[in-house]
Amino acid sequence: MLRSSPALAPTDSHESARRSDLEEELINLFARMGRIVGFPRSFAEIYAILFASPEPMAMEQIIGRAGLSQGAVSQGLRQLRALGAIQPVYVPGDRRTFFNIEDNLRKVAAGFLKEQVLPQLEDWPDRIERIGRICGDSDSKGESALSARVEKLRGWHQRISRSTPELLQLIGKWS
């Protein structure tokens, strides 16, 4: 049953220390994973606080647990939500928006690809064409080597573009 009282409210000091240790370990784990893809530590802190919570949490509760500013938590929640890593949850009798983690790796990975990777690939063809024109305009004696590298870029883009739907399909098989 969902409740609107602060999640992770300790019943005694021993439980508070245990949960704090759990949150710290989760923060460190998620921060290391997030660093791989360039996410700020604050995203890891927010996700870890929610991960450790047995119940959905409101933004104010997350701010209190994480010790981050309202702006950092707001931005982190917005980005984590866009990635599909968290979702809003309705708590009867409470007007605040509560959040819970998405613990399905397939959904989180697919959200990451759709929100972070695919948008970066959209302008590759235009950029590669500009790079090709710049290389073609140069009077460098290494012009043929540069042209070959531009062709490599085109090949990379084609392979990535072809493999992205396959990767999404593979991710879809994770459950």
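Bear in mind these aren't lab numbers, they're just calculated from the coordinates by the rules spelled out. Since we're looking at a predicted model, the values are computed, not measured. All Cβ positions, even for glycine, are placed from backbone atoms using ideal geometry, and neighbour counts span all protein chains on display.
Here are the numbers for this structure:
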| read-out | value |
| --- | --- |
| Dimensionless Rg/Rh of the range 79-157 - Kirkwood Rh, Rg from C-alpha atoms | 1.36 |
| Prolate/oblate/rounded call for the range 69-108, Cα gyration tensor, a/c under 1.5 rounded | oblate |
| Peptides ranked, highest mean first, by Cβ atoms within 10 Å: ranges 121-131, 61-71 | 61-71, 121-131 |
| Net dipole in debye of the range 21-156 [+1 Lys, Arg Cβ; -1 Asp, Glu Cβ; about Cα centre; nearest 20] | 280 debye |
| More than 13 Å apart - percent of Cα-Cα pairs taken over the range 43-99 | 54 percent |
